[in-house]
Structures are given as structure tokens and as C-alpha cells.
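Reading through the C-alpha cells given below for one structure.
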Amino acid sequence: MAHSIVIFGASGDLTSRKLIPALYELHRKKRLPEQTRIVGFSRTKFSDGAWREKLSESTAHFVGKSFDSAIWEEFAPSIHYHPGDIENPESFQSLNRYLGELEGESGATRVYYLSTAPRFYEPAIAQLGAAGMAEETQRERRVVIEKPFGTDLQTARQLNHATHEVFAEHQVYRIDHYLGKETVQNVLVFRFANGIFEPIWNRNYVDHVQITAAEEVTIGHRAGYYDGVGILRDMFQNHLLQLLTLTAMEVPARFEAGAVRDEKVKVLRAIKPLGREDVATDTLRGQYRKYRDEPGVAAESATATFATVKLCVHNWRWQGVPFYLRSGKAMSCRTTQIVIQFRQAPYMMFEGGPRAASQANRLVIQVQPAEGIQLHFHTKVPDVGMKLRMTDLSFQFKEKFASEMPEAYQRLLLDVMQGDASLFARSDEVELAWGIIDPIAAAWKASGLPSLALYEAGGWGPPNSTEWMHAQDREWFDSCPVLKP
Ligand SMILES: NC(=O)c1ccc[n+]([C@@H]2O[C@H](COP(=O)([O-])OP(=O)(O)OC[C@H]3O[C@@H](n4cnc5c(N)ncnc54)[C@H](OP(=O)(O)O)[C@@H]3O)[C@@H](O)[C@H]2O)c1
């Protein structure tokens with residue numbers, strides 16, 4: 001079946017860094033459906049040849065050793081370019097005619113990928129509607145919307161509304177690239193394809209859950225975007241809440257988009273948004289010390305580059321089990337991990353165990369890098385009486401499977417072409433997530449509590465984060481990837 005992938009924002013960074021490399025890799029692995037055409041659209045004037053040349057260089061750079069110029073030459077003829085301006089209706093008429101000529105009488109399923117600045121999402125969607133390019137009279141029409149999907153609940157609602165004026169929900173694919181990661185999908189397989197974990201995956205056995213997404217990098221030259229957004233909107237509304245829903249959801253009746261997303265939505269509905277007083281006690285925010293010296297950052301900026309949020313999922317499975325979400329920039333390393341901390345043994349009859357019993361009874365799902373799973377438990381040290389030590393069982397994808405871990409965009413692009421929306425956020429899911437994040441952002445702004453704590457780069461955030469956990473008789477699992485990258 002023929003497919004046309006139309007990329008709006010074709011001359012931009014995401015296209016050359018992620019989208020074209022992913023499509024090239026799919027072609028190399030012979031997974032790209034036959035008769036797939038890629039059509040770039042942005043204002044810069046390129047001929048097909050000039051754009052292919054530019055993409056050949058960037059793709060070689062970003063895919064590294066799997067780039068093969070002979071395979072690229074085979075792939076390149078499927079890449080086309082049609083210059084145009086999102087703000088000009090004539091550009092869309094002309095693009096539609098151009099696509100019609102390429103596709104011929106039989107037509108093609110079209111995927112419109114909005115890889116532009118977010119302020120262009122609504123105009124591009126409206127123009128697609130006005131040009132009749134969203135109608136599914138002959139073949140299917142889909143639109144992919146990049147993150148961020150709104151900057152708060154109101155703007156997300158407005159964008160959903162504007163999108164639904166033109167596209168029905170089944171045509172809309174909202175990207176959260178975390179969901180394209182193998183390890184994130186593996187959370188579902190781990191939980192629902194093995195019978196042994198499900199009986200203990202609840203309040204009877206789990207003490208708490210920690211979800212950490214730490215980045216070693218600072219914001220660098222991204223102040224223009226970041227200073228107005230901050231860590232809460234950049235990481236929590238999407239990636240961290242997505243990881244929480246996959247960890248906490250019930251088993252869906254079928255592995256199918258509607259059923260999976262229904263279960264995720266139920267988790268979000270079970271989280272009571274924090275009131276202003278809760279925000280003061282159940283969240284922390286920080287800023288790395290040199291943040292205000294970064295180019296473009298306001299001198300008095302109160303933007304948080306680190307945050308922790310304690311959320312509770314009010315249902316029979318999770319009542320009373322805190323979910324601690326934490327993310328930061330300028331941290332000690334890059335690691336994304338989900339830690340399930342199981343309850344300790346009710347009575348410890350052995351002496352000389354690890355410093356804290358909570359060091360064992362722990363499952364670490366290492367999302368990235370060094371993707372895998374590690375289980376921590378107590379073991380007897382041989383030949384020294386009843387001395388205990390924490391040890392582990394480790395599974396690492398790269399050791400068990402010969403193939404490289406694919407980039408998330410490969411899976412997501414293929415799913416869009418195949419019409420599988422399981423790994424994309426639905427409109428209600430996005431709005432519920434903003435409904436959890438908005439009150440936190442509003443309370444931080446209104447009350448100034450908790451106050452913004454400065455922290456040194458290269459650690460695990462502000463010292464009060466450690467104290468905050470200790471005050472709850474718990475400890476952060478401050479560990480760089482537990483498995484070797
Ligand atoms: N880069 C990443 O790694 C990354 C990761 C996650 C999400 N995202 C999201 O992906 C989107 C794109 O990011 P990006 O980094 O690729 O941005 P970018 O490098 O700034 O690219 C923006 C693109 O939009 C085009 N454009 C601007 N005005 C236009 C107009 N009036 N008509 C037609 N095209 C226009 C630009 O081309 P011309 O100037 O030639 O028109 C350019 O191709 C953003 O929403 C971003 O949040 C990016």
C-alpha cells in the first residue's frame with residue numbers, strides 16, 4: 001500500500017537528526033512499506049537533489065556505522081522536496097497538487113508530520129483542512145504532532161479543539177518519543193506476559209516507586225525554549241507521567257490502542273491534582289547554580305531545572321503507595337530509571353545486613369542508557385558466618401539480543417504508517433496530564449513554595465531533596481545506570 005510522509009519543517013533539526021535517519025534505517029531493514037514517498041515542506045528553497053544531498057550527509061553522521069552509501073542511493077529517489085510557507089494557503093494548494101501527481105490515480109495513505117515550532121501546529125492543521133487535505137474520501141489521512149502538546153491545560157485543550165475541527169481523533173498521533181523506546185514497551189511485556197510479578201505489583205508488596213529522568217547536560221544554548229518552560233512542563237507532563245501510567249495501569253483487555261489508552265487514562269484519573277498546601281510539602285524545585293549565566297537566561301530567572309513530585313494513585317491497587325517523580329538537568333549522569341521498592345521483610349533475624357534493608361527488595365528498570373532490568377536482593381556472604389550483602393540479578397538487552405536498540409522514531413513512524421496509535425497520547429490523556437501539572441506550576445508561581453533551591457552541577461539535585469526523602473523514611477536510589485553502558 002502506497003504511503004506519502006509529508007514533513008512540515010523539513011529543513012529543521014528534528015528532520016535531519018531523527019526522522020530521516022529513522023526512515024533510512026527502516027528502509028535498510030526492509031521494514032518501510034513499499035511505495036513510501038517522503039516529501040519535505042519548508043520555506044527554504046531546495047531542489048530534490050539538493051535536499052537529498054544535505055540529508056545524505058546528516059544521515060551518515062547520525063546513523064553512524066550502519067550508513068551504507070549504496071543503500072542510501074537506493075533510498076534517496078523516494079525523497080522529494082516541495083518548498084512552501086505554512087502561512088500561505090496557496091502553498092497548500094500547490095503541495096496538494098504535487099502530492100496528487102506523485103501518488104497518481106490510486107492515491108496513497110498520507111502522514112502529515114508537524115516537525116515545526118509549536119506555534120505552527122494550529123495554522124498548519126487549519127491550512128490542511130482548508131485545502132481539503134484531511135478528508136479521508138479516498139485514502140487515509142493522518143497527522144503527527146510533535147511535543148510539546150500545549151504549554152498548559154488551556155492551550156492543550158485549544159490545540160485539541162483546533163485539531164478536531166479538521167481531523168477526527170483516530171487520525172491524530174501525538175508523539176511522546178519515550179513510548180517508542182523498547183524498554184518502555186517492555187514494561188508492559190514484563191508486567192503482563194509474566195505471571196510472577198503481577199501478584200506482588202500492588203500496595204501489599206510495594207513500598208513506593210521512584211521514576212527518575214536525569215540528564216548530565218545543562219541547557220546550553222536552548223534558553224530561548226527552556227527558560228519559559230522549565231523542567232515541569234518539559235519532562236513531567238509527558239515523559240514521567242507516561243512512565244508512571246505504564247507502571248501503574250491495569251492489564252488491558254487486549255493489546256490494542258483503545259484498550260491500552262483507556263487503562264492509562266484511568267491511572268491519570270486516579271491521581272488527585274495537588275492543592276496549594278500539598279504542593280508546598282509534596283514537591284521540590286531546584287536550579288543548577290550556573291543556570292542564570294547561560295546565554296539568554298533572564299538574570300532573575302526562577303525557572304526550575306530540577307524537580308521532584310510525589311503523587312498518589314487513588315485506587316485499590318496503589319492506595320498509600322507514593323510515586324516519586326524526579327528529573328533534573330546538570331545531574332551526575334544521564335539515566336532514566338523506574339525503581340520499584342518492595343517492602344522490607346517484616347522482621348530481620350540476621351545481623352550485619354546492608355546499611356539499609358531498603359537497598360535490597362528493589363527492582364530497577366533501566367530505561368536508558370544500558371537498557372535492562374536489575375533485581376536487588378540480600379545474599380549470604382560465603383565463609384563469614386551469617387553476614388549479608390546486597391547482590392543482583394541483571395538482564396541487559398544488548399547482551400541477550402544481537403541487534404542494536406533501535407531509535408524510538410523508527411517504531412513510531414512505522415506505527416503511524418500502519419495506523420497503530422497504541423504508543424501515542426490520546427486527547428483526554430494529554431489533558432488529564434496537564435490537569436496534574438498545571439496546579440503545581442500555578443502554586444509554585446503564586447506562593448513561591450517550596451522555594452527554589454540552588455544545586456551544584458554533577459550531583460543529584462539540591463541537598464534538601466535527600467533530606468526530604470529521609471524525612472519520609474525513604475532514600476533516593478541515586479545511581480548512575482546500574483548496568484554497564
Ligand atoms: N530537535 C529535536 O531533537 C526535537 C526533539 C523533540 C521534539 N522536537 C520538536 O519538534 C519540532 C521541530 O523542532 P526542530 O528542532 O526541528 O525545529 P527547527 O530546527 O527550528 O526547525 C523548524 C522548521 O520549521 C520550518 N518553518 C519555520 N517557519 C515556517 C513556515 N512559515 N512555513 C514552513 N516551514 C516553516 C523551518 O524551515 P524554514 O526556515 O526553511 O521554513 C524548519 O524546517 C518542535 O516542535 C520541537 O519542540 C524536536
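Quick notes on this one:
- Test: residue in segment 113-136 that is among the hydroxyl-bearing types (Ser, Thr, Tyr), more than 11 Å from the ligand (Cβ to nearest atom) and either over 30 Å from Gln337 (Cβ atoms) or part of a helix (DSSP H, G or I) (or both): no
- Taken as a whole, the condition of being within 15 Å of the ligand (Cβ to nearest atom) and not hydrophobic (A, V, I, L, M, F, W, C) does not apply to Ser78.
- In the set (1) outside any helix (DSSP H, G or I); (2) open to solvent by less than 60 Å² (accessible area, probe 1.4 Å), Phe377 fails one condition alone, (2).
- Unmet criterion (only one of (1) polar (S, T, N, Q); (2) within 15 Å of the ligand (Cβ to nearest atom); (3) loosely packed, with under 14 Cβ neighbours inside 10 Å) for Gln93: (3)
- Filter pass, Arg52 being touching a residue at least 24 places away in the same chain (Cβ under 8 Å), more than 12 Å from the ligand (Cβ to nearest atom), open to solvent by less than 40 Å² (accessible area, probe 1.4 Å) and basic (Lys, Arg): no
- Among the residues listed as Glu90, Glu73, Glu105, Glu135, the single one being under 20 Å from Trp51 (Cβ atoms) and free of Cβ contacts under 8 Å to residues at least 12 places away in the same chain: Glu73
- Of all residue pairs spaced 6 or more apart or on separate chains, those with beta-carbon atoms under 7 Å, a first member in segment 423-452 that is among the β-branched types (Val, Ile, Thr) and a second member that is surrounded by fewer than 18 Cβ atoms within 10 Å (Cβ to Cβ) are Ile436/Pro273.
- Ser4 meets all of the listed conditions (1) within 11 Å of the ligand (Cβ to nearest atom); (2) open to solvent by less than 10 Å² (accessible area, probe 1.4 Å) but one, namely (1).
- Residue tally, condition out of contact with any Lys or Arg (no Cβ under 6 Å at 6 or more places or on another chain), of a type in the set (A, V, I, L, M, F, W, C) and within 16 Å of the ligand (Cβ to nearest atom), over segment 137-158: 3
- Enumeration of residues in segment 17-49 that are assigned to a helix (DSSP H, G or I) and within 8 Å of the ligand (Cβ to nearest atom): Arg17, Lys18
The values are calculated or read from the model by the stated rules, or taken from the named source; none is laboratory data. Everything quoted here is computed from the prediction, not taken from an experiment. Neighbour counts are summed over all protein chains in view; Cβ atoms, including those assigned to glycine, are modelled from backbone coordinates with ideal geometry. Areas reflect the complete protein model, heavy atoms only, side chains present, ligands, DNA and RNA absent. Shrake-Rupley method; radii C 1.70, N 1.55, O 1.52, S 1.80 Å.
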